[in-house]
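The values are calculated or read from the model by the stated rules, or taken from the named source; none is laboratory data. From a predicted model like this one, the values you see are computed outputs, not experimental measurements. Cβ coordinates were reconstructed from backbone atoms using ideal geometry, including for glycine residues, and neighbour counts include every protein chain displayed.
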Amino acid sequence: MRSPAGAIGDPFRGWVDFAEPVPSVFVPTVCEGETATKNRKQLAWRIQLTELNVNQPLPDQLFQLPAIPSGTVVFDRTNETEYPVDSNWQSTGEAKPNPIQRHAYDFRPD
């Protein structure tokens, strides 16, 4: 199934091909597009998914974070705090407040 993005004459045109590897699950498998200025192509690109597995087990190793230098300070944006961690990402010190800077365009509720 192919879905267009943009229209002829637009500075950007793109296409997306979808696959349905299992019933009712649609996945974009090819994305391609081009940009143009004054009807002259400037850039063309294509991204293609070459291997697609749905609902297959994943190794636990994929979910392990890499080691980092002990003492690295982590900024926790969920709790608006910061704290040092060891090389395994475990907290090694007290969490200190680190409030998120709010801006006029920030639509999250307080």
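Of note:
- Some residue of segment 48-63 being over 20 Å from the mean Cα position of the chain (by Cα) and among the β-branched types (V, I, T): no
- If the condition is being polar (S, T, N, Q) and either touching a Cys at 6+ places or on another chain (Cβ under 6 Å) or at pLDDT below 95 (or both), then segment 49-80 contributes T50, N53, N55, Q56, Q61, Q64, T78, N79.
- Positions within segment 3-20 being modelled with pLDDT of 55 or more and small (G, A, S), in sequence order: G14, A19
- Meets criteria (of a type outside the set (S, T, Y) and either within 30 Å of A19 (Cα to Cα) or assigned to a loop (DSSP other than H, G, I, E, B) (or both)) for P84: no
- Test result for D106, modelled with pLDDT of 90 or more and either surrounded by 10 or more Cβ atoms within 10 Å (Cβ to Cβ) or not polar (S, T, N, Q) (or both): no
- L52 touching a Ser or Thr at 6+ places or on another chain (Cβ under 8 Å), under 27 Å from P23 (Cα atoms) and part of a loop (DSSP other than H, G, I, E, B): yes
- Reported count of residues in segment 30-65, each being closer than 28 Å to P97 by Cβ and without any contact (Cβ under 8 Å) to a residue 24 or more places away in the chain, is 0.
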